[in-house]
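All remarks here apply to the structure that follows.
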Amino acid sequence: MTCNLFKIKYLLLLAIISSLVFTWQLRLFLPSRKLKMESPKTICENCSNDTSSHPKMINKLDVQLPTVCQDLDCKAAYLKHLPLASSSHRTDGHPIPPIRHLLWINESVSAYFAEQLKTWRRVHPDWTVVLWRDQDLDPFVKKHFPEALPRFMELASHTIMQVDMVRYMLLFKYGGVYADLDYSLIASLDDHRRFYAVVTREPEAHSLQYFKFQWPPIILANPAFLMAAPGHSFYRHCINELRTVPFARGRPLSFAGPFGLTEILERYNAAFPVANSPLETVYIPPSYSFYPYEGNKLNTSNSAYLPLRLHSLRNSCKRVNRTWPERLQKYCTDPNNMDPVTDKTQPVIAVHDLKKIGAVYGGVGTSLYFQNLTHLRKMFGSKLQIGVEWI
């Protein structure tokens, strides 16, 4: 009896230690903060929200819709009930205007980026392209988001965190599309411009690695590709969260990167599960549409995270047995192959270059970002506008 009791205590101790170790490992990746939740209608009240140049939006819904939509049934309901904006020269009736926002150091990009930008020009030759240089960002924030300026200046020594934060401001103020420079466009975005906000997501395998190994997995938001109608409540909410939340220097992923955006999105949805206005709705398309891997295989990426990712997933798969969801059982036969956990029913719209080495902004990891420079004016002509002209 004493021996059995000792074994039980020993097993309980092991379980507690394992749980603590797992939590500690997870905190290396995930934000450690508690976010204060505020109504999206009262966020950043003194920020400029001059919508005189915006298309007229319908502010009320005749039916109840979920605030955040992530499946085909919900998508169909959105398409049926979300009203179009009144037609204007910028929106052609779509809530999201045909504007691509670029964030880069100056007016010249490398041949590497130029090849990817050409795909946008080919698919959407009539779109306005707005280049926001480093020198344009401070004046923009000072004029339109004075409440956020102290936090923005606090991040001055962390350029990537400033760039992550300002993209939400640009989308709230002007609407349009933000995409990292290493995104190629495969198909038209017009169908997605029918929504009022689009937040893309990273592949399910990423979610299974970083979050709980479960089905369906927790959504890992992708801030590298975002869309919005001007004045959207979710982006207003993002701005307010980012200007007040504590942050850890050197942890951009947990501030306004994938983990930070994921947490903000979850809290927004939890506090406001039912949308009262189209400008509160957020559509999340399948990961495959905006973040596909070549052949849907993890090892086609050159990411420095790949060895850790595969190691983590294989370890998680050791716990899977016949009682687990069938999708996870199939996936765990070969964690490199993401087919069992990927929804491929929707077409690929854009491709994030996963063969690059290192982060894009600032050129960390490769010289490709600064070789054989091309002026953006040569690529986009009169369609290119400089951010300072929009402030």
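Bear in mind these aren't lab numbers, they're just calculated from the coordinates by the rules spelled out. For clarity, every value in this text was computed on a predicted model and none was experimentally measured. Ideal geometry is used to build each Cβ from the backbone, glycine not excepted, and the neighbour counts take in all protein chains shown.
What to note about this one:
- Distance violations [Cα-Cα > 23 Å] among 355/383; 318/356; 173/344; 60/383; 173/383; 118/355: 355/383; 318/356; 173/344; 60/383
- A crude spin-label estimate for the pair residue 326 and residue 388, with each label 7 Å from Cα along the Cβ direction, gives 6.1 nm.
- Volume per residue of the C-alpha convex hull in segment 123-194, rounded to whole Å³: 105 Å³
- The trypsin sites (Lys or Arg not before Pro) of segment 262-366 meeting both criteria, a DSSP state outside H, G, I, E and B (loop) and at most 12 other C-beta atoms within 10 angstrom of the site's C-beta, are 318, 319, 322, 355.
- Per-residue Cβ neighbour rank within 10 angstrom, fewest leading, 241, 154: 154, 241
- Rounded to the nearest 0.05, the FRET efficiency derived from the C-beta distance between residue 371 and residue 118 at R0 = 25 Å is 0.90.
- Relative contact order of segment 63-389: 27 percent, from C-alpha pairs under 8 Å at least 6 residues apart in sequence.
- With the charge dipole of segment 63-389 set up from +1 on Lys and Arg Cβ and -1 on Asp and Glu Cβ about the Cα centre, the Cα lying farthest toward the positive end among the listed residues 199, 302, 185 is that of 302.
- Taking other C-beta atoms within 10 Å as the exposure proxy, 338, 153 rank 153, 338 from fewest upward.
- Cross-link reach list, aspartates and glutamates versus residue 330, counting only Cα pairs under 19 Å and skipping chain neighbours closer than eight places: 204, 339, 343
- Counting neighbouring Cβ atoms within 10 Å and putting the fewest first, the residues 374, 333, 262 line up as 333, 374, 262.
- Note on segment 63-389: percent of Cα-Cα distances in each 20 Å bin, starting at 0 and stopping at the bin with the largest distance, equals 31, 61, 8, 0.
- Protection proxy ranking, highest mean first, for peptides 162-168, 146-152, 98-104: 162-168, 98-104, 146-152, where packing is the per-residue count of other beta-carbon atoms within 10 Å, averaged.
- For residue 105 and residue 294, the FRET efficiency from 1/(1 + (r/R0)^6), where r spans their Cβ atoms and R0 equals 25 Å, is about 0.30.
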